[in-house]
1. Quick one: dipole size for the chain, taken about the Cα centre, charges +1 on Lys/Arg Cβ and -1 on Asp/Glu Cβ, in debye to the nearest 20.
2. Using Cβ contacts closer than 10 Å as the measure, can you line up R78, R9 from fewest to most?
3. To make sure I understand, if each residue's beta carbon is the centre and we count other beta carbons within 10 Å, what order do W84, W47 fall in, fewest to most?
4. Quick check: the angle from helix 99-112's long axis to the longest principal axis of the chain, C-alpha only, nearest 10 degrees?
5. Per-residue counts of other Cβ atoms within 10 Å, averaged by peptide: what ranking do you get for 60-73, 99-112, 17-30, highest first?
6. Given a Förster distance of 22 angstrom, what is the FRET efficiency for E86 paired with V12, based on the Cβ-Cβ distance and rounded to 0.05?
7. Provide H74, H80 in ascending order of the number of other Cβ atoms located within 10 Å of each residue's Cβ, fewest first.
8. Could you give the alpha-carbon Rg of the chain over 2.2 N^0.38 Å, rounded to two decimals?
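What follows is calculated from the coordinates using simple rules that are stated; it is not laboratory data. Bear in mind that the values here come from a model prediction, so they are computed numbers and not experimental data. All Cβ positions, even for glycine, are placed from backbone atoms using ideal geometry, and neighbour counts span all protein chains on display.
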Amino acid sequence: MELSELLSRRCVERPRGSPTLAQEEAERLLPLVPGWELAPEGGALRWRRRFADFAAAMAFVDRVAALAESEGHHPDIRVHSYRWVELALSTHSIGGLSENDFILAAKTNRLLEGDA
């Protein structure tokens, strides 16, 4: 799979009982979403960034929230020390990673392109 394919896809519902991504598949997709890492405990993608100030951090959170709502796939979001944002993606309904997490990570990275 290529980045363009991730960006062109939409998140789809993963009902309980659907399989999670194999570790090998997650590791294969990880290079497509720079800045993200597989959580040591497994089952999630994590991302962390320091913004210029609180307003910039919250503006980014607002954009992520709108993206997540449009995709129907929602990250855990943590804002701390007034300008640090941490995101964690996992597919809660299946208790681990799915392609949805990589789709949303890729689209989140695209949101940042305007901030670079």
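1. 240 debye
2. Values: R78 12, R9 16.
Ordered from fewest to most neighbouring Cβ atoms within 10 Å, R78, R9 come out as R78, R9.
3. Numbers: W84 13, W47 20.
The most exposed by this proxy come first: W84, W47.
4. The helix 99-112 is inclined about 20 degrees to the chain.
5. Working: 60-73: 15.4, 99-112: 20.6, 17-30: 13.9.
Descending mean neighbour count gives 99-112, 60-73, 17-30.
6. Values: r = 25 Å, r/R0 = 1.16.
Here the calculated transfer efficiency is 0.30.
7. H80, H74
8. 1.02
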